[in-house]
């Protein structure tokens, strides 16, 4: 969309000039809550839950789903301190309404009840089983990581590449948090216009999580950690799409990842929604509908058709 909608401009003004979330301290104990799918989702779609120790896997399907239909594995954004919320179930419902046949949401063990190292290990074990059971039986298997869910998605796919396990067709990242330190100097110019994220609080939590994880040296001689996938070897990743927002501090590292990808033999597409905030698609905006149309197109249309949809309003590399 060439011009931002009135609704999005009003939302930004409201967030910027009220007691927005970026002003509040992050309390993991208070946030450690999960919500079940709403009745509307159960009424119109098939929702199945499989509890696995301290977490769960939710399979959400249309009534007409077939065994070999595409599958989307969804790591929702939560900062690793929240279970699935109303907005995450709404996200799934929006895609199901647009014809995406099957979405699997992974509900991981949460901090501070569990160490982040355990969350990563649990996620790898559980999602490996999902992929091994699905990847040879479906036409397409894609992974989507949202916010901190980007860490889990990268951790999974990086391990798959190293162990030569079944491949995933595509990785999709939404407003991804790609470096727990948030030390990118480009963030300085964005921080004042981001009405959502509390940079100091997220950095504090990121440092706490990093202490719980053993690190290793990468080929570029920088310390590699699952909480900083911006430093991972992109050549080991499947084709990647990144959707980010102009008024989002996480955009700085998304751009950094794009520039890194430009110098490597990888398939990487980057879309920046102008004058949008972090996770803008949680709100009822025309720009949200456009994103859902783009995401659904990648799973429900032939490549020639979804590329037309995806290029309607974004920077394409």
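The values are calculated or read from the model by the stated rules, or taken from the named source; none is laboratory data. Values in this document were obtained by computation on a predicted structure and should not be read as measured data. No Cβ is skipped: glycine too gets one built from the backbone with ideal geometry, and neighbour counts run over all protein chains shown.
With the structure loaded, tell me whether residue 141 is modelled with pLDDT of 95 or more, under 27 Å from residue 294 (Cβ atoms) and crowded, with 22+ Cβ neighbours inside 10 Å or whether it fails that test.
Spelling it out, it is not the case that residue 141 is modelled with pLDDT of 95 or more, under 27 Å from residue 294 (Cβ atoms) and crowded, with 22+ Cβ neighbours inside 10 Å.
Can you name the number of the only condition in (1) touching a residue at least 24 places away in the same chain (Cβ under 8 Å); (2) surrounded by fewer than 23 Cβ atoms within 10 Å (Cβ to Cβ) that residue 263 fails?
Here residue 263 meets the rest and fails (1).
If you go through segment 75-98 one residue at a time, do you hit one that is assigned to a strand (DSSP E or B) and in contact (Cβ under 8 Å) with a residue 24 or more places away in the chain?
For segment 75-98, residues assigned to a strand (DSSP E or B) and in contact (Cβ under 8 Å) with a residue 24 or more places away in the chain: present.
With respect to residue 128, is the statement that it is without any contact (Cβ under 8 Å) to a residue 40 or more places away in the chain, over 24 Å from residue 268 (Cβ atoms) and touching a helix residue (DSSP H, G or I) at 6+ places or on another chain (Cβ under 8 Å) true?
yes
Return the only residue of 199, 211 being more than 16 Å from the chain's Cα centre (by Cα) and within 21 Å of residue 251 (Cβ to Cβ).
Testing whether each residue is more than 16 Å from the chain's Cα centre (by Cα) and within 21 Å of residue 251 (Cβ to Cβ) leaves just 199.
Here is a list: 63, 39. Which entry is without any contact (Cβ under 8 Å) to a residue 40 or more places away in the chain and either under 19 Å from residue 152 (Cα atoms) or touching a strand residue (DSSP E or B) at 6+ places or on another chain (Cβ under 9 Å) (or both)?
63
When you look at residue 173, is it in contact with a strand residue (DSSP E or B) (Cβ under 8 Å, 6 or more places away or on another chain), at pLDDT 95 or above, crowded, with 17+ Cβ neighbours inside 10 Å and not in a helix (DSSP H, G or I), yes or no?
yes
I'd like the full set of residues that are within 20 Å of residue 197 (Cα to Cα), touching a strand residue (DSSP E or B) at 6+ places or on another chain (Cβ under 9 Å) and part of a loop (DSSP other than H, G, I, E, B), limited to segment 251-288.
Within segment 251-288, 278, 279, 283, 285 qualify.
Of these, 155, 180, which one is farther than 27 Å from residue 298 by Cα and either in a helix (DSSP H, G or I) or free of Cβ contacts under 8 Å to residues at least 60 places away in the same chain (or both)?
180
Can you tell me which residue among 135, 106 is touching a helix residue (DSSP H, G or I) at 6+ places or on another chain (Cβ under 7 Å) and either surrounded by fewer than 24 Cβ atoms within 10 Å (Cβ to Cβ) or under 15 Å from residue 168 (Cβ atoms) (or both)?
The unique qualifying residue is 106.
Please state which of the following conditions residue 112 fails to meet, knowing it meets all the rest: (1) buried (at least 17 other Cβ atoms within 10 Å of the Cβ); (2) part of a loop (DSSP other than H, G, I, E, B).
The failed condition is (1).
Just to be sure, is residue 241 out of contact with any strand residue (DSSP E or B) (no Cβ under 9 Å at 6 or more places or on another chain) and either farther than 22 Å from residue 189 by Cβ or modelled with pLDDT under 95 (or both)?
Here the answer is no, as residue 241 does not meet what is asked.
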